[in-house]
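As structure tokens, the structure follows; a few thoughts come after it.
Derivation of every value follows stated rules applied to the coordinates shown; laboratory data play no part. Keep in mind the model is a prediction, meaning the values are calculated, not measured. When we count neighbours, we look across all protein chains shown, and the Cβ atoms used for this are built from the backbone with ideal geometry, even at glycine.
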Amino acid sequence: MAETEDGFKKNLRKFWYKALKATIKGILFYIFYFVLWSFLAPVADVIPGLQLMIETFVIIYIILMIIGELASGTIFQYFFNGAKALFVICYLILSLNGGIFGVTFQNISLSIDLRLFLTIAILLSLLGFAKSVLQAVNYLNERTEYTRF
Amino acid sequence: MIGIATTFFWIFLIAFAASAFYSIKDLQFDFGDPQVSVTPENKLLLSMPITITNVGYYNIGFFNVTTEISDEEGFTIIRGSTLVPIIKKGDTVITAHNMTIDVNDLLQNHQNFLFNDTEVRINEMIGMRIAEVIPVQASTNFSEPWGAPLYNFALGEIEYSAYNLTHLRAIVPLSFENHALFDLTGNIQMRMYNSTDSLLGEGQTTIDAAQNSPYNGYIELYVPSAGITANGRFEVDFITPFFNIGPLVIPYG
């Protein structure tokens, strides 16, 4: 009975630790976004919808990050990390319209070629995705070995 | 290790992109009023002074301004481009966007521009590379009025008077308004033919019509009284420093 209570307390402490870590990560990410936004604010006046686009991205990214962090120590952590990387790739491709970002206001059309930025971002995300897959394989490997012993 | 490296690259990429776009606000463009002048080859020179001040964080590469002027049907009349290869941070660059219009070529191909006020379409494109790597392009189009140099050109009623036993003096009044961007000087030559296509006589006059002013004058011809018919035609040539057009056939009678 005392052993079960001890295990429960240990698990609760573990969960609070994960929750704290996820909260700190989320706050840090939000601060990063906040600082970044102060730089992008002048551009947002020119490009309508930019703020909504970035905010949606930040919200989904933070949610995936928090869930991934809460699921740490399980195989789901790697699933969520992989999902995060894939989400970044898909969201960037869709929102940046394949790298050529165009906007028209009044009689002026503005186009920004972000293909270089997008390519680098996709490569970095793919690296993150590959890392998650390898970590998941490694996790399963370690668990199999542990079960055998 | 990969995680740290990836995070580092992400931070670098995002910070670079954000600061590059942020520095656009420290880029100042000043487009002066377009000036019209005449080159020694009697071509029209449209010149627009541009001042670019870059107080952003990065250099600006391949700054270019392209202007395309086309007629109402979309046929390109002229296209001019100005390129500044690099604008270093903290620098101010003063340049001029020049375009030369060969009025003779233009009017030979579009006689509509000679006699009728119309509109031309102007496509303006401005491109640059922010931090020398991110290409940005802005474009707009608008219409501008075109003033015809010989707007409302018309010949009046021929007035005959006796000159000698065989010839009459024919006075042909002519009028037009110069709506063009330039003062019009030169010669108008005229040949008069009767209904049997015989050349009756020829004459010429000099013209001097300032910008946006009407011109009223006449051409004097000496024609054989025996050859005059009730109807016929005039052939008119316009010889000016900007264009040589003709013959323009105008029937009379």
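Using +1 at the C-beta of Lys and Arg and -1 at the C-beta of Asp and Glu, which of A:ILE112, B:LEU155, B:ASN42 has the Cα lying farthest in the positive direction of the dipole of the protein assembly as shown?
So the residue we want is A:ILE112.
Rank these for me by crowding, B:SER143, A:SER132, going from fewest to most other beta carbons within 10 Å. Walk me through the numbers on the way to the answer.
On the way: B:SER143 11, A:SER132 21.
If I rank by nearby Cβ atoms, fewest first, I get B:SER143, A:SER132.
May I ask you to compute the full-extension gain from B:ASN123 to B:GLU41, defined as 0.36 nm times their residue separation minus their alpha-carbon distance, rounded to one decimal in nm?
Details: separation 82, 0.36 × 82 = 29.52 nm, distance 2.61 nm.
So the extension gain works out to 26.9 nm.
Hey, got the dipole for the stretch A:2-148? About the Cα centre, +1 on K and R Cβ, -1 on D and E Cβ, debye to the nearest 20? Mind showing how you got there, number by number?
Numbers: 12 positive and 9 negative charges, 76 e Å.
It comes to approximately 360 debye.
May I ask you to list the residues of the stretch B:209-253 whose amide nitrogen lies under 20 Å from a point 7 Å from Cα along the Cα→beta-carbon direction of B:GLN111?
Taking a point 7 Å out along Cα→Cβ of B:GLN111, the residues of the stretch B:209-253 whose backbone N falls under 20 Å are B:232-253.
Post the alpha-carbon centroid distance, the stretch B:96-112 to the stretch B:1-73, in whole angstrom.
28 Å
Mean projection of the alpha-carbon convex hull of the protein assembly as shown over all orientations, in nm²? Don't jump to the answer; show the numbers that get you there.
Working: hull surface 120.3 nm².
Spelled out: convex hull of the Cα atoms, projected over all directions, averaged, 30.1 nm².
Take B:ASP105, A:ASP113, A:ASP45 and order them by how many other Cβ atoms sit within 10 Å, fewest up front.
On the way: B:ASP105 13, A:ASP113 18, A:ASP45 10.
Arranged by neighbour count, lowest to highest, B:ASP105, A:ASP113, A:ASP45 become A:ASP45, B:ASP105, A:ASP113.
Sorted from largest to smallest, which semi-axis lengths in Å does the alpha carbon gyration tensor of chain B give for its equivalent ellipsoid, taking the root of 5 times each eigenvalue?
On the way: eigenvalues 735, 49, 28 Å².
Each semi-axis is the square root of five times an eigenvalue, giving 61, 16, 12 Å.
Can you give me the Cα centroid spacing of the stretch B:142-190 and the stretch A:97-124 in angstrom?
Answer, in whole Å: 56.
For the stretch B:63-157, with only Lys/Arg (+1) and Asp/Glu (-1) charged at the beta-carbon, what is the dipole magnitude about the Cα centre, in debye rounded to 20? Before the final figure, lay out the partial values.
On the way: 5 positive and 13 negative charges, 141 e Å.
Computed about the Cα centre, the dipole is about 680 debye.
Set the Förster distance to 56 Å, then compute FRET efficiency between A:ILE75 and B:THR51 from the Cβ-Cβ distance, nearest 0.05. Intermediate values should be presented prior to the final figure.
On the way: r = 61 Å, r/R0 = 1.10.
Calculated value: 0.35.
Under the classification rounded if a/c is under 1.5, otherwise prolate if a/b is larger than b/c and oblate if not, where does the stretch B:151-252 fall, given a ≥ b ≥ c as square roots of the Cα gyration tensor eigenvalues? If you can, show how the numbers build up before the last one.
Details: a/c = 2.38, a/b = 2.02, b/c = 1.18.
Prolate.
Where Lys and Arg each count +1 and Asp and Glu each count -1, what net charge lies around B:VAL120 among other residues with Cβ under 9 Å from its Cβ? Please list the in-between numbers first.
On the way: positive: B:ARG121; negative: B:ASP71, B:GLU72, B:GLU119, B:GLU144.
Net of charged neighbours comes to -3.
Considering only lysines 8 or more places apart in sequence, or on different chains, count the pairs in the stretch A:2-148 whose C-alpha atoms sit under 16 Å apart.
On the way: A:LYS9/A:LYS18; A:LYS10/A:LYS18; A:LYS25/A:LYS84; A:LYS84/A:LYS131.
Pairs that pass both the separation and distance tests number 4.
List the aspartates and glutamates whose Cα sits under 14 Å from the Cα of B:LYS88, skipping any in the same chain fewer than 8 residues away.
B:LYS88 reaches B:ASP26, B:GLU132.
With each run of n ≥ 4 DSSP H residues scored as -39500 (n - 2.57), what mean residue ellipticity at 222 nm is computed for the protein assembly as shown after dividing by its residue count and rounding to the nearest 500 deg cm²/dmol?
On the way: 7 runs with 153 residues, N = 402.
Helix-only estimate at 222 nm: -13500 deg cm²/dmol.
Would you mind ranking B:MET99, B:MET125, B:MET1, B:MET192 so that the residue whose beta carbon has the fewest other beta carbons within 10 Å leads the list? Spell out each step's value before the answer.
Working: B:MET99 19, B:MET125 16, B:MET1 5, B:MET192 24.
Lowest count first: B:MET1, B:MET125, B:MET99, B:MET192.
Would you compute, for the Cα atoms of chain A, the largest minus smallest coordinate along each principal axis and list the three values in descending order, in whole Å?
Largest to smallest, the principal-axis extents are 75, 28, 16 Å.
For the protein assembly as shown, with the dipole built from +1 on Lys and Arg beta-carbon atoms and -1 on Asp and Glu ones, taken about the Cα centre, which of B:GLY32, B:TRP10, B:PHE176 lies farthest toward the positive end?
Result: B:TRP10.
Tell me, what is the Rg over Rh of the stretch B:2-146, with Rh the Kirkwood radius over Cα pairs?
Working: Rg = 20.2 Å, Rh = 17.7 Å.
For the stretch B:2-146, the value is 1.14.
Using unit Cβ charges (K, R positive; D, E negative) and no other charged atoms, how large, in debye to the nearest 20, is the dipole of the protein assembly as shown about its Cα centre?
Details: 22 positive and 35 negative charges, 658 e Å.
Here the size comes out at about 3160 debye.
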